[in-house]
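Inspection log for the structure reproduced underneath, given as structure tokens.
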Protein chains: 2
Amino acid sequence: MDKVFNALAHETRRQILDFVMQNAGALSGDITAQFEVSRIAVSKHIKILERANLLIIEKSGRERLHYFNPMPIQAIYDRWTDAYSQFFAPKLNAFKTEIESTEEAHEKTA
Amino acid sequence: MDKVFNALAHETRRQILDFVMQNAGALSGDITAQFEVSRIAVSKHIKILERANLLIIEKSGRERLHYFNPMPIQAIYDRWTDAYSQFFAPKLNAFKTEIESTEEAHEKTA
DNA sequence: ATTATATGTAACCAATTGGTTACATATAAT
DNA sequence: ATTATATGTAACCAATTGGTTACATATAAT
């Protein structure tokens, strides 16, 4: 789970996920072509995503085909919404209002 | 958005969120008491969470009261599920099966 | 058989991160 | 007025991160 959060904490890696999602089976080279940084840099990002199980790689000859795996994100979401359920239900709007009025009060004091 | 992902990419910071969520209005000192690291280290983590808008701070005299703000996470989730909706719907199971068979095939080759 | 392509690994480096100690300040309690 | 408490800031440091170049290997194409 820590690996997933860490993997998602970099813009390039999130973009790689976006790209692979829309281009299932993309090769390393296809992914590299999307970015300005070197092939090696992209390769490292892919490795981090792979270790977080966000990408699944299929080898075919000298090529590597990449597939997006949504399950770790689903797992995080499940844990998250469960833990934070009190905030994601009707109570949300009340909370919003409370925070906003708190902030207004704060601004007046500041 | 990058700030939010980065803020979530550290175990201690996720634990701070958990704690503040269940202890709305907690003081800096209350949060510090939950961890082994120094007050300063915790303070830095809090600052990162604050800048990501995941914590809202209300000053009261010499104290700082902390409140969890779920909205950035909600925003991420909205963006995420929208972008990845093709995977979070009925298709999910088909995809899972596809990946699993792919992996089996891969294991046999390896 | 030779050449081109797809990818991997090693060594290195600057920037960022996560932590520390030491010192400072503002409010509350006595 | 003095002391204790809650929090802030500065300077520093080791570890991690994100990138690079140089070299290597395995498969596909000619």
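The values are calculated or read from the model by the stated rules, or taken from the named source; none is laboratory data. None of the values given here were measured: they were computed from a predicted structure. No Cβ is skipped: glycine too gets one built from the backbone with ideal geometry, and neighbour counts run over all protein chains shown. Each accessible area value is taken on the protein alone, full model and side chains, heavy atoms only, with ligands, DNA and RNA left out. Shrake-Rupley method; radii C 1.70, N 1.55, O 1.52, S 1.80 Å.
Quick notes on this structure:
- Of all residues in the range B:1-30, those that are touching a residue at least 40 places away in the same chain (Cβ under 8 Å) and open to solvent by 30 Å² or more (accessible area, probe 1.4 Å) have Cβ atoms under 7 Å from Cβ atoms of residues that are assigned to a helix (DSSP H, G or I) and within 13 Å of DNA strand D (Cβ to nearest atom), 6 or more apart or on another chain, in B:Lys3/B:Arg51.
- Of all residues in the range B:56-71 being within 20 Å of the chain's Cα centre (by Cα) and not in a strand (DSSP E or B), the one that is nearest to DNA strand D (Cβ to nearest atom): B:Asn69
Residue-wise test of (1) in contact with a strand residue (DSSP E or B) (Cβ under 7 Å, 6 or more places away or on another chain); (2) over 13 Å from B:Tyr67 (Cβ atoms).
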site	(1), (2)
B:Asp2	no, yes
B:His10	no, yes
B:Arg14	no, yes
B:Phe19	yes, no
B:Gln22	no, no
B:Ala33	no, yes
B:Val37	no, yes
B:Ala41	no, yes
B:Lys44	no, yes
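- In the range B:44-60, residue surrounded by the fewest Cβ atoms within 10 Å (Cβ to Cβ) [restricted to those that are away from chain A (no Cβ under 11 Å) and within 8 Å of DNA strand C (Cβ to nearest atom)]: B:Lys44
- Out of A:Ile40, A:Ile76, sole residue that is assigned to a helix (DSSP H, G or I) and either touching a residue at least 12 places away in the same chain (Cβ under 8 Å) or open to solvent by less than 30 Å² (accessible area, probe 1.4 Å) (or both): A:Ile76
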